[in-house]
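Each remark here refers to the structure printed beneath this line.
The values are calculated or read from the model by the stated rules, or taken from the named source; none is laboratory data. As the structure is a prediction and not an experimental result, all values here were calculated from the model. Ideal geometry is used to build each Cβ from the backbone, glycine not excepted, and the neighbour counts take in all protein chains shown. SASA here: full protein model, heavy atoms, side chains in, ligands and nucleic acids out. Shrake-Rupley method; radii C 1.70, N 1.55, O 1.52, S 1.80 Å.
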Number of protein chains: 2
Amino acid sequence: MGRRIGIKDVAAAAGVSVTTVSHILNEVEGKRINTETRQRVLETARQLGYAPNGLARGLRLKRSSTIGFVSDQIATTPHAGRIILGAQEEAAKHDLLLLMLNTGGDRELERREIELLLQRQVDGVLYASMYHRVVEVPEQLRSVPTVLLDARADDPSVPSVVPDEVQGGATAVRELLRHGHRRIGFLNNVDDIPATHGRLEGYRQALAEAGVAFDPRLVVAETASAAGAYRAALTLLQAAERPTALFCFADRMAMGVYHAAAELGLSIPTDLSVIGFDNQELICDGMFPGLTTVALPHYEMGARAVAQLLALTGTKGQGTGPAAQEMLPCPLVARASVASPPRL
Amino acid sequence: MGRRIGIKDVAAAAGVSVTTVSHILNEVEGKRINTETRQRVLETARQLGYAPNGLARGLRLKRSSTIGFVSDQIATTPHAGRIILGAQEEAAKHDLLLLMLNTGGDRELERREIELLLQRQVDGVLYASMYHRVVEVPEQLRSVPTVLLDARADDPSVPSVVPDEVQGGATAVRELLRHGHRRIGFLNNVDDIPATHGRLEGYRQALAEAGVAFDPRLVVAETASAAGAYRAALTLLQAAERPTALFCFADRMAMGVYHAAAELGLSIPTDLSVIGFDNQELICDGMFPGLTTVALPHYEMGARAVAQLLALTGTKGQGTGPAAQEMLPCPLVARASVASPPRL
DNA sequence: ATGTGGTGCCCAATCGTTTTGGCAAGTGAG
DNA sequence: CTCACTTGCCAAAACGATTGGGCACCACAT
């Protein structure tokens, strides 16, 4: 078919120069254009179905209106999609598009693919992890504005957007306290990541606020799987003074807790309240009863990261000094797994 | 910092013309270059850290080495990520990058965003649905090579890549038959989508192969949720001659079945075998016992779609006539929810 | 001396925009 | 009629690459 029509075609059709067309379409200030001419040009552009060539534009402007989204694992984490969605929708507001890249954690592959990104002259890069952790930012990204997403770097000059794990943990525990629980177990996971420490800290803070003493016997660490949680829950629930509520590091651990509870003849939430973390809807809604949990603000994180990136590219100065480290709150999502403790 | 260095810089540093540098870097045929010069240029390019400007290159070549990935919902479906991953990794093999776009099903938003894509001069577009269905391809995409992903169009001239629902359904049922089951229930869903009809067809085919008569009372349609499946399973399992195995349209329906079985005192897989569909690992692994299921070949679909797109852009002819409609098989993923039927 | 054929390189046009610095025509004052 | 100013438009130079068509040089045969 005929090639896409360009500014030149519009100029010819409207009987003016390319310059004038460009001025009109871009609404350049300080350039005086006759109102009638403007109308005519706009009209012909519309009729011809003109659309600017982004490559040419980018070349001239030294700006591609495209940002790179680099992540280790798009695939494994569900809800990862919400991060992408948040980023993309925020980007769309500024006519930006996302160039996606998954590295699978392979450092060499990462290098090669980021190279491709940079060749495309992206205006900035979102370097995302699929779970909150500390990452090492690739050297190549020094040359381009970068924001970390669901990740922090040792280097504090790189801005980042992460969930507030402490607040999230506290939110979960406060919900249990609010219902009158005092003996609250915590099934933590065993990895050395911010979530592990942060949620534990939140657990302790919430207990302290409520004047409940911290009892280390109520905290047990296990692999963040249903099977692991099942074992841990069995132990915890068969102890002398069993907890009346369990806070699970992850929703999938709650699946194990439900199983353990069923086996011990404890019904949820009458005999035992359970609260999870992550709000994996497929799981939470499928469980009986529906699992109350704390959600990670994935969508917002994506959106805020783009906003930060734009702020960064806005200020030419590449302002030195520590950059913004934004923490987003994790909201409670109530379903049906929390009730008042049984009268023992 | 100093701007990125270009071909011009390399030329100057090596003491040759830009033309020569370009010839050397692109290994242009029919152009004779002195071996020594070639070495010198390559060396300086390496030292200077030269990388071509993709925008300029794309402008000249009328090819951006970028393909658009348009989907309705990145977010809601887990495993959607595997489609993206498959597409991206296949694309990377050809030095292509993916420009992602999520429309949320909003037709007007979709139009605007695809417009952005086309402005970026993408070489082709993957139009993906997050579950297998029939879609209407946007008018704008006529002008650019397009492949449908997990979707079909009424227009058979658009190539597509979809899972083989019939084979998938049959695979599930054959696994049950193989273990000796003869009364096999099917919890279908109620939507009018290819999966609903295809898997039912597969169910019937597998039964027919095994010489088992089709009994309509064993098929019940419900919303594809745990709650819906729970109700349906209760009915089915309390019938006079209850089925010894249940094939569920979706893994999350199997969650409801597990619950119903537990309530009726049936243990899985001893008293009742269950098989799901989708292989949502978080669910399948979290259930007790682990859920045997049929996987959708998401990764392969993404990869094949890119391959098709490349084939399409390769043949200039835009060959008329019906295009390739590729169906990919759905493999069985065995866990622990299927066993031989109880001796009644 | 002239022609013939290779070799090794470069000039300049091109892709589709944006933008700087004009220039010509019109207007009103002197 | 001339000057100064405004208005409305345009020519041409970028941006960074690719590529068709040379050109200059050398060797060798005539």
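Residues in the range A:77-117 that are without any contact (Cβ under 8 Å) to a residue 24 or more places away in the chain and touching a Leu at 6+ places or on another chain (Cβ under 8 Å): A:ALA92, A:LEU116. Within the range B:12-22, the set of residues being more than 7 Å from DNA strand C (Cβ to nearest atom) and in contact with a helix residue (DSSP H, G or I) (Cβ under 7 Å, 6 or more places away or on another chain) comprises B:ALA13, B:ALA14, B:VAL21, B:SER22. Of all residues in the range A:28-44, none satisfies being more than 7 Å from DNA strand D (Cβ to nearest atom), within 14 Å of another protein chain (Cβ to nearest Cβ), assigned to a helix (DSSP H, G or I) and without any contact (Cβ under 8 Å) to a residue 24 or more places away in the chain.
Being within 11 Å of another protein chain (Cβ to nearest Cβ), open to solvent by 20 Å² or more (accessible area, probe 1.4 Å) and in contact (Cβ under 8 Å) with a residue 60 or more places away in the chain is a property that A:GLN121 has.
Of everything listed in (1) closer than 24 Å to A:GLY185 by Cα; (2) touching a helix residue (DSSP H, G or I) at 6+ places or on another chain (Cβ under 8 Å), the single unmet condition for A:GLY302 is (1). Here A:SER17 fulfils each of the conditions (1) closer than 28 Å to A:ASP123 by Cβ; (2) near DNA strand D (Cβ under 9 Å from one of its atoms) apart from (1).
Against the conditions (1) more than 14 Å from chain B (Cβ to nearest Cβ); (2) buried (at least 21 other Cβ atoms within 10 Å of the Cβ); (3) not aliphatic (A, V, I, L, M), A:PHE214 satisfies every one except (2). Just the residues that are in contact (Cβ under 8 Å) with a residue 12 or more places away in the chain and out of contact with any Leu (no Cβ under 6 Å at 6 or more places or on another chain), please, taken from the range A:48-62. Selection gives A:LEU48, A:GLY49, A:TYR50, A:ALA51, A:PRO52, A:ASN53, A:LYS62. Note on the range A:192-238: residues that are free of Cβ contacts under 8 Å to residues at least 60 places away in the same chain and within 15 Å of A:ARG252 (Cβ to Cβ) amount to 12. Give the residue that is nearest to DNA strand C (Cβ to nearest atom), with candidates limited to residues of the range B:23-47 that are of a type outside the set (S, T, N, Q) and open to solvent by 80 Å² or more (accessible area, probe 1.4 Å). The qualifying residue nearest to DNA strand C (Cβ to nearest atom) is B:ARG32. Screening A:ALA206, A:ALA153, A:ALA213 for residues that are in contact with a strand residue (DSSP E or B) (Cβ under 8 Å, 6 or more places away or on another chain) and small (Gly, Ala, Ser) leaves exactly one candidate, A:ALA153. Across the range A:48-99, the number of residues qualifying as more than 7 Å from chain B (Cβ to nearest Cβ), assigned to a helix (DSSP H, G or I), open to solvent by 20 Å² or more (accessible area, probe 1.4 Å) and within 22 Å of B:VAL125 (Cβ to Cβ) comes to 2. Check the range B:179-187 and report whether any residue there is in a loop (DSSP other than H, G, I, E, B) and open to solvent by less than 10 Å² (accessible area, probe 1.4 Å). Yes, that holds for at least one residue. Here is a check on your reading of the model: is A:ARG4 surrounded by fewer than 19 Cβ atoms within 10 Å (Cβ to Cβ), over 32 Å from the mean Cα position of the chain (by Cα) and more than 16 Å from DNA strand D (Cβ to nearest atom)? Yes, satisfied.
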